[in-house]
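Colleague: Here it is, the structure, as structure tokens.
The values are calculated or read from the model by the stated rules, or taken from the named source; none is laboratory data. All figures in this text were calculated on a predicted structure; none of them were measured in a lab. Cβ atoms come from the backbone with ideal geometry, glycine included; neighbour counts cover every protein chain shown. Ligands, DNA and RNA are excluded from the accessible area calculation, which covers all protein heavy atoms including side chains. Shrake-Rupley method; radii C 1.70, N 1.55, O 1.52, S 1.80 Å.
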Amino acid sequence: MNCQDINQVIYDYCDGKISSDLYLEISQHLNECESCYNNYRLTLIENEVLKDTEDIPSLSPAFTQLVISSLISNKCLYSKPAPLVIRKDKSYTFFGAAWFRSLAVVAAVIALCLYIPRWPGTDIKNVANNYDSAKQQETQSSASLNEPIRVGQVDPEVISQPTQQIKSPIYNSDNKIIREPFGEGFASRSSISSSPTSKVIPPPLQDAEVVMFADNTKSNTSVTVVSPQNIPDRFKLLKTDNDGQNKIAYNYTTLDGRDNLDIVVITAKGSTVASDNLEIPPQLDTTSLVRHIEIGNIKITVTFSGTLSTEDLNILADTIQFKAEDTK
Amino acid sequence: MLTDEVLTAQTLRGEVSAFEELINRYKNSVFTIIYRMTGQYQEAEDITQEVFLTVYQKLYQFDSSKKFGPWIHRIAINTCISSLRKKNKIILLNYDDTYINQHESESQHNYGNPEAALESNELKSDIKSALMELPASYQSVLVLRYQLDLNNQEIAEALGVNKENIEVKIHRARKALRRVLCKRWEERGDCR
């Protein structure tokens, strides 16, 4: 065994990981070779230094808490599982959740509403009968509206409903009409705001439309009443569309259904009517006519349109009158 | 006394005290590895703290069927290498003959009398300095073997290599250490 062979196995020799025969052979060489012996001694010192941990400083005593604090500040701690008793709580279960119960109730109500018309014994005929009976009740209740109504006795809800149909005039405390049924007109537009006919006994009942506008410039209780008058008998009112602000549209049709007449009233009090409200898009096969009318301090812009001829429309515009009154 | 695996399970259940116990058990070994590889106390402490934060965050990945020690030591070595790499303070070499072949001519060095050098503690200082100059792969295998006194199986798990190769790696690391020492002595004109 030469020095190079010793150099290859010197680490195992120092660590005692070598056979006894080889160990004796290496030991004999180390006794004879000074260089290999120095190599052996250096290896032993290396081992001693490599195993030495005395020079390693110790960590600060607060190191553990420092790490834990870092974990807490970073909010990355594993969360503890909820106690078993909480898991058994119904509020933690899907079907026991409060939101689910609410959802189930709403769904049940909707389903019930959809299912009731199909309920056995509740066919369409019965529904129609119910409708007829309801209509009879409405007629009875409307009969009470035919009686003269005085302010102070008027149900506030009746006034607040813009499209409420009232078939009798409404009087204030001075016996002045604040609402008048259809047919009670004015001889001229100048007499609209102070009609002497307002003190007379209510006329025979006719179809009438009373329109109320809430005056935004006044208190919430102020209501502007505008209604078309002197509608020819060949027209009947189909529907009224009130936007709840200053615009209301009346849709009339002739009794034979051939022609229709649309009257759009835009009310402006104390100022001119906004131009954008006046832009009413023309429709095919219709003619239109715009009139600006002043009733006291109320300015209204009325658009007449329909399938009538221009001549008929002009005649109607001259015939139909409007009444407007404020009330509180 | 609870095992490491039980403590990891408790930690995953949100018990911070269990992780505190794990820190107390392994903070010294982890710090030793990192301190030997960095040579600076403050830097080693910072990296050690980073190691435990990483361990905590990746604890759910730990295979409880294996030992916790090698797993945390592997994280410590990898974290240290990664940190040193960011600071360009590391020599990365694989377990090949590259480093050894560069210094093959020094294998027949005349080492002189080491006893005299040992008396002045100069040799100890030289060995420790030479250890710091080794590639990280050599440093780690020597630290695990001699500083932590781990067996081949534990070293293999910590380094992620085969157990059969551990002795070879240690031998190469010792050779590399010796060559660094010889180079130092030659540069100083110190003939041993």
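Colleague: Based on this model, can you work out whether B:Glu164 counts as touching a His at 6+ places or on another chain (Cβ under 9 Å) and surrounded by fewer than 21 Cβ atoms within 10 Å (Cβ to Cβ)?
Modeller: no
Colleague: Could you look through region A:2-20, keep only residues that are outside any loop (DSSP other than H, G, I, E, B) and among the aliphatic types (A, V, I, L, M), and pick out the one that is farthest from A:Asn31 (Cα to Cα)?
Modeller: Here the residue is A:Val9.
Colleague: If you go through region A:47-62, how many residues are surrounded by 14 or more Cβ atoms within 10 Å (Cβ to Cβ) and farther than 17 Å from B:Met37 by Cα?
Modeller: Qualifying residue count, region A:47-62: 2.
Colleague: Then there is this: Of the residues that sit in region B:47-62 and are more than 10 Å from chain A (Cβ to nearest Cβ) and in contact with a helix residue (DSSP H, G or I) (Cβ under 8 Å, 6 or more places away or on another chain), which one is surrounded by the most Cβ atoms within 10 Å (Cβ to Cβ)?
Modeller: Out of the qualifying residues, it is B:Ile47.
Colleague: Among the residues of region B:131-171, what is the count of those that are assigned to a loop (DSSP other than H, G, I, E, B) and at negative phi?
Modeller: 7
Colleague: Quick one: in region B:33-86, which of the residues that are part of a helix (DSSP H, G or I) and among the acidic types (Asp, Glu) is nearest to A:Glu54 (Cα to Cα)?
Modeller: The selected residue is B:Glu45.
Colleague: A:Asp15 - would you say it is out of contact with any Cys (no Cβ under 9 Å at 6 or more places or on another chain) and away from every other protein chain (no Cβ under 14 Å)?
Modeller: Considered against the rule, which asks whether it is out of contact with any Cys (no Cβ under 9 Å at 6 or more places or on another chain) and away from every other protein chain (no Cβ under 14 Å), A:Asp15 comes out as no.
Residues checked against (1) at pLDDT 90 or above; (2) under 22 Å from A:Arg41 (Cα atoms):
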{"position": "B:Trp71", "(1), (2)": "yes, no"}
{"position": "B:Arg74", "(1), (2)": "yes, no"}
{"position": "B:Lys89", "(1), (2)": "no, no"}
{"position": "B:Ser107", "(1), (2)": "no, yes"}
{"position": "B:Asn121", "(1), (2)": "no, yes"}
{"position": "B:Met132", "(1), (2)": "no, yes"}
{"position": "B:Ser140", "(1), (2)": "yes, no"}
{"position": "B:Glu157", "(1), (2)": "yes, no"}
{"position": "B:Ile166", "(1), (2)": "yes, no"}
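Colleague: Another question about this same structure. Determine whether region B:1-18 contains at least one residue that is in contact with a Phe, Trp or Tyr (Cβ under 8 Å, 6 or more places away or on another chain), within 13 Å of A:Phe63 (Cα to Cα) and touching a residue at least 24 places away in the same chain (Cβ under 8 Å).
Modeller: Scanning region B:1-18 turns up no residue that is in contact with a Phe, Trp or Tyr (Cβ under 8 Å, 6 or more places away or on another chain), within 13 Å of A:Phe63 (Cα to Cα) and touching a residue at least 24 places away in the same chain (Cβ under 8 Å).
Colleague: Still on this model: Among the residues in region A:82-103, are any over 25 Å from B:Leu59 (Cβ atoms), within 40 Å of the chain's Cα centre (by Cα) and at pLDDT 85 or above?
Modeller: Yes, region A:82-103 has at least one match.
Colleague: Condition first: in a helix (DSSP H, G or I), over 19 Å from B:His171 (Cα atoms) and touching a helix residue (DSSP H, G or I) at 6+ places or on another chain (Cβ under 9 Å). Now tell me which residues in region A:21-36 satisfy that.
Modeller: Once the filter is applied, which keeps residues that are in a helix (DSSP H, G or I), over 19 Å from B:His171 (Cα atoms) and touching a helix residue (DSSP H, G or I) at 6+ places or on another chain (Cβ under 9 Å), region A:21-36 yields A:Ser27, A:His29, A:Leu30, A:Asn31, A:Ser35.
Colleague: Another question about this same structure. Restricting the search to region B:3-28, which residues are more than 7 Å from chain A (Cβ to nearest Cβ), open to solvent by less than 20 Å² (accessible area, probe 1.4 Å) and either polar (S, T, N, Q) or in contact with an Asp or Glu (Cβ under 7 Å, 6 or more places away or on another chain) (or both)?
Modeller: Matches in region B:3-28: B:Leu7, B:Thr8, B:Leu22.
Colleague: While we're on this one: From the set of residues in region A:48-67 that are at the interface with chain B (Cβ under 7 Å from one of its Cβ atoms) and not in a loop (DSSP other than H, G, I, E, B), which is farthest from the chain's Cα centre (by Cα)?
Modeller: A:Val49
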